[in-house]
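Please read the structure below before turning to the comments.
Laboratory data are not the source of any read-out in this text; all were calculated from the coordinates shown. These numbers were taken from a predicted model, which means no experiment stands behind them. Note that each Cβ is placed from the backbone with ideal geometry, even for glycine, and that neighbours are counted across all protein chains shown.
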Ligand SMILES: Cc1ncc(COP(=O)(O)O)c(C=O)c1O
């Protein structure tokens, strides 16, 4: 287990510690970085906004085509009994859930529903989890995927991103349930962030989230490509959801967001067409990167993860070509999302050929020799 002093790039820290939970209370207050900051990149690299290919997020570039929102949705206050919860329960297979303004809203609020305790968070991983638990006064320790078993006895709460962002790590269902049982037996929580689970719904634990101490987060931002709508769901026991709802207050989702969310969740045809398409696109991206000698070490349908000591140079060289990727410092790595059009795929491959030759000349020479 590692303390996590630096979460500024979605990574854990580097302090080696004995098994068990290390109490890290770093409240440096530094802002966390996220993908999708195209305006900042445009101004930094001096390239107009419309010249960029943004691969810095794991958002579906060909998301659900949103129809016009009825005028009444803008004019009236949002209402709980509009059918959204029912549509979401059917899609996620969850007995109880609460819509929230993006899963981020729940990530920030959940830590405030427990007295300060010891929290293990998967690392590297989406850094907002560790930051939120720390901000609420909990002692947070960063866990590598292989350290979870050992650390559970010292945790009150375990937070997993499943599949993990950015590494793509997944755990067998039996392991997850074993960890949950250990935590729940002493009033602990297993929080599972399933933001990237929609292409593999059979691996979701939403259907079991009525069990005490199991909390599953879902997002409409990734698979459905509706990140701007700010809609997520928390699947958990009713009493916990009631406490969370009280903390968040009324009207957390706008009525247009509720309308769009309900419509997308009822569109079974679209998601059945989209799942195999996205899985194939993820494989295509992995193959493209392998062809360039940048073999991904993990990922999922919506992104691929490429550790490399030259990650920063690759990131900058790609940015100079107008391609924005997500850079992680520790471990040094890049995450690339899916290109949306055939022209984008070609642009990525062409840029990578140039960038690899510039940043990794030896690797480029080896590739050229292997191809000859
Ligand atoms: C793993 C993970 N969970 C949750 C979120 C937040 O998603 P949203 O608030 O859009 O539902 C993100 C955003 O990037 C993420 O990567």
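Between residue 44 and residue 341, the contour length at 0.36 nm per residue exceeds the Cα-Cα span by 104.4 nm. Comparing 192, 279, 59 in a Gaussian network model of the chain (Cα springs below 10 Å), the most mobile by mean-square fluctuation is 279. If I take every Cα pair under 8 Å that is 6 or more residues apart in the chain, average their sequence separation and divide by the length, what percent do I get for the relative contact order? RCO, the chain: 22 percent. Can you compute the label reach from residue 358? Point 7 Å from Cα along the Cβ direction, backbone N cut-off under 15 Å, restricted to segment 32-48. Only 45-47 fall inside the zone, counting backbone N under 15 Å. Note: relative contact order over segment 151-240, using C-alpha pairs below 8 Å and six or more positions apart, is 25 percent. Shape index of the chain: Rg/Rh, with Rg the Cα radius of gyration and Rh the Kirkwood radius from the inverse mean 1/r over Cα pairs, equals 0.97. Mean-square fluctuations from a GNM of the chain, with a 10 angstrom spring cutoff on Cα atoms, peak among 67, 166, 111 at 67. Using R0 = 41 Å, the C-beta based FRET efficiency linking residue 203 and residue 349 works out to 0.85.
At q = 0.19, 0.21 Å⁻¹ the log10 of I(q)/I(0) for segment 76-196 amounts to -1.09, -1.26, computed by Debye summation with a single uniform scatterer per C-alpha, solvent ignored.
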